[in-house]
Structure formats: structure tokens, C-alpha cells
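I have placed the structure first, in the form of C-alpha cells, so that the comments after it can refer back to it.
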Amino acid sequence: MRKGFGIGAINKKALQQSKFEEKASQISENELSQLSRQVDTFKKNLEEFAFKHRDEIKRDANFRKQFQDMCANIGVDPLSTSKGFWSEMLGVGDFYYELAVQIIEICSSMQEKTGGLIYLDQVLDRIKRTRNRFVNEVSLDDCKRAIKKLNIFGNAFTLISMNNGRFMVQSLPEGMGLDHTQIVQLAELNNGVVDKDLIKSNLNWEMYRIENVLNLMLKEGIIWIDINDNRCSFYFPSFFIK
């Protein structure tokens with residue numbers, strides 16, 4: 001019988017394989033344990049940093065954004081609840097919930113004029129006009145984070161990314177689908193106005209699809225219709241708000 005074959009050789013290889021697996025398991029456990037200690041240390045340092053700079057975090061919008069990004073890198077969400085360690089120590093939870101309430105108030109008060117769509121920077125401008133309600137500086141990033149907290153209302157409050165890099169706040173009871181969003185983005189490129197031919201030529205939709213979307217937007221007050229020489233144009237009042 002050639003060397004390396006037989007029951008003894010098989011048992012030896014099995015023992016070696018078992019030792020390799022045991023060693024690999026040990027290395028994995030050690031690495032995980034070391035990684036866990038590093039994360040715990042980092043979180044502790046983050047808490048100390050937050051406590052030391054809490055006034056600056058609350059006061060300075062840019063510093064607050066950098067802190068939020070740093071937290072996100074290790075899976076810490078200071079906004080996960082309005083109560084708890086981070087919110088009680090920094091006060092940022094209440095800040096964002098109060099900001100979300102003011103965004104709702106602004107969108108609701110302008111619903112008749114905007115049809116439920118308004119640029120986010122216009123919302124921020126109106127917040128700054130009533131800044132006496134806030135002791136802290138407010139930024140676009142703060143507004144975005146506050147709106148994300150409104151997901152408890154479903155799709156009633158969402159952000160739409162526009163072609164020019166700006167964002168629009170959509171505040172509608174039923175929300176809007178992708179079709180509606182595409183028409184809003186098309187209208188932005190056409191000075192706030194669309195018609196059926198423009199939609200068909202740019203989006204290559206069938207007419208029934210175009211009419212279904214426009215009819216819903218008319219019903220919700222998102223667009224206004226203008227009929228001139230039997231030609232219908234649809235205007236988005238939100239693009240004409242200053």
C-alpha cells in the first residue's frame with residue numbers, strides 16, 4: 001500500500017482539518033472581540049466629544065451636520081427618538097421634532113397657493129423669518145433630517161430631487177408616485193408649464209397614462225389648467241411662489 005493512503009492517513013487529514021477550523025474560529029472570535037472593543041471605545045469617545053461640544057452642536061448647523069455624519073458612520077442615530085441618552089444630552093431630538101412641526105405648519109398654510117409642492121429652500125426662508133422660535137441656526141440639512149422624521153405619516157411628506165440640484169417638499173394626503181414626480185421635474189425644465197404633447201414627446205407615454213396622472217394632479221390642486229384656442233396647458237403654481 002502506498003504511503004499517504006489508508007484509514008490512518010484519512011484520520012490524520014481529518015484531525016488537521018479540524019485543527020484548521022478551530023484555529024480559524026479562534027481568529028474570527030478574537031477579531032470580532034477586538035472590533036467590538038474598538039466600537040465601544042469609539043462610542044465612548046463620541047459621547048465625551050458630544051458632551052464637551054453640545055452647545056456648539058446645538059448652535060452651529062455645519063458643526064451639527066458633521067457630528068450627524070460621524071454618528072452615522074458607526075450606526076448611532078441621535079434622532080431615533082425624542083427621548084433617550086443622545087436627545088437628553090444634546091437636545092437635538094426635540095429640536096428636529098419642533099422643526100418638523102414648523103415645516104408641517106408652513107406647508108399646510110401654503111397648500112392652496114402651492115398645490116402641495118414647495119422648494120425646500122423656500123421653506124427654510126420662511127423658517128428663518130420666524131427664527132425667534134428657535135435659538136439655534138437652521139440649515140437645509142436640518143430640514144431634510146426633520147422631514148425624514150415625518151415618515152410616520154407615510155408618503156404625505158417627502159422630498160423630491162429636482163434637476164437643478166434643489167429639493168421640493170411634497171405634502172399631499174395621498175402622496176405622489178414616480179409618474180407624478182417625472183412630470184414635476186419636466187415642468188421645472190419648462191418654466192413650470194407642461195402640456196400633453198410635451199409630456200408625450202419627452203416621456204414617451206401613452207395618452208391614457210398622461211391623462212390619468214394630470215387628472216389626479218388637477219383634483220389635488222397641484223396643477224392649474226389654462227385653455228387657449230382649444231389647447232390645454234397645465235401650470236404648477238409652486239414654481240411661481242417667491
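The values are calculated or read from the model by the stated rules, or taken from the named source; none is laboratory data. None of the values given here were measured: they were computed from a predicted structure. No Cβ is skipped: glycine too gets one built from the backbone with ideal geometry, and neighbour counts run over all protein chains shown. Just so you know, the surface numbers come from the protein's heavy atoms only, side chains and all, with ligands and any DNA or RNA stripped out. Shrake-Rupley method; radii C 1.70, N 1.55, O 1.52, S 1.80 Å.
Quick rundown of the values:
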quantity: Modelled FRET efficiency - R0 45 Å, Glu220 with Asp69, Cβ distances, 0.05 increments; calculated: 0.80
quantity: Per-residue ³J(HN,Hα) for segment 184-195, Karplus 6.51 cos²θ - 1.76 cosθ + 1.60, θ = phi - 60°, Hz, x for Gly and Pro; calculated: 4, 5, 5, 5, 4, 6, 10, 6, x, 10, 9, 9
quantity: Distance (nanometres) between label positions extended 7 Å along Cα→Cβ at Lys196 and Glu211; calculated: 0.6 nm
quantity: For Lys149, solvent-accessible area (1.4 Å; no DNA, RNA or ligand), Å²; calculated: 40 Å²
quantity: Pairwise label distance in nanometres, Leu178 with Glu112, each label 7 Å out on the Cα-Cβ vector; calculated: 3.7 nm
quantity: Potential extension, Tyr97-Thr130 segment - 0.36 nm per residue separation minus Cα distance; calculated: 10.2 nm
quantity: Cα gyration tensor shape for segment 182-242, rounded if a/c is under 1.5, else prolate or oblate; calculated: rounded
quantity: Residues Lys52 and Arg166, FRET efficiency given R0 of 41 Å [Cβ-Cβ distance, rounded to 0.05]; calculated: 0.70
